[in-house]
Amino acid sequence: MKTQEKPVILITDDEAPERYAFRRALEKEAYTLLEAENGRQALDIVRDRRPDLVLCDINMPVMDGLGA
């Protein structure tokens with residue numbers, strides 16, 4: 001029987017407390033959680049890890065959520 005992998009969620013926000021709040025809310029579920037501080041980091045993670053879902057803040061430095 002094949003073991004099903006946990007869905008991967010990328011949390012993207014420049015504010016650490018916001019990322020923490022999302023992590024706390026989601027860590028109780030069966031997810032693998034990744035974090036990025038800006039849109040550029042998020043794109044790098046998306047290319048490498050191919051998350052199932054990306055939660056992304058709109059207003060961030062370096063690259064905003066809309067640009068990502």
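The values are calculated or read from the model by the stated rules, or taken from the named source; none is laboratory data. Only a predicted model underlies this, so the values are computations on that prediction, with no experimental measurement involved. Virtual Cβ from ideal backbone geometry, glycine too; neighbours counted across all protein chains shown.
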Q) Does the range 34-41 include one or more residues that are part of a helix (DSSP H, G or I) and aliphatic (A, V, I, L, M)? A) no
Note: among Leu53, Leu43, just one is buried (at least 16 other Cβ atoms within 10 Å of the Cβ) and within 14 Å of the chain's Cα centre (by Cα), namely Leu43
Can you confirm whether Ala36 is of a type in the set (Gly, Ala, Ser) and at pLDDT below 95? no
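Quick check on the range 1-33: of everything there that is part of a loop (DSSP other than H, G, I, E, B) and under 12 Å from the mean Cα position of the chain (by Cα), which residue is surrounded by the fewest Cβ atoms within 10 Å (Cβ to Cβ)?
Filtering the range 1-33 for residues that are part of a loop (DSSP other than H, G, I, E, B) and under 12 Å from the mean Cα position of the chain (by Cα), the one surrounded by the fewest Cβ atoms within 10 Å (Cβ to Cβ) comes out as Pro7.
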* Go through the residues of the range 45-54 one by one and say whether even a single one is assigned to a loop (DSSP other than H, G, I, E, B) and in contact with a helix residue (DSSP H, G or I) (Cβ under 9 Å, 6 or more places away or on another chain). => yes
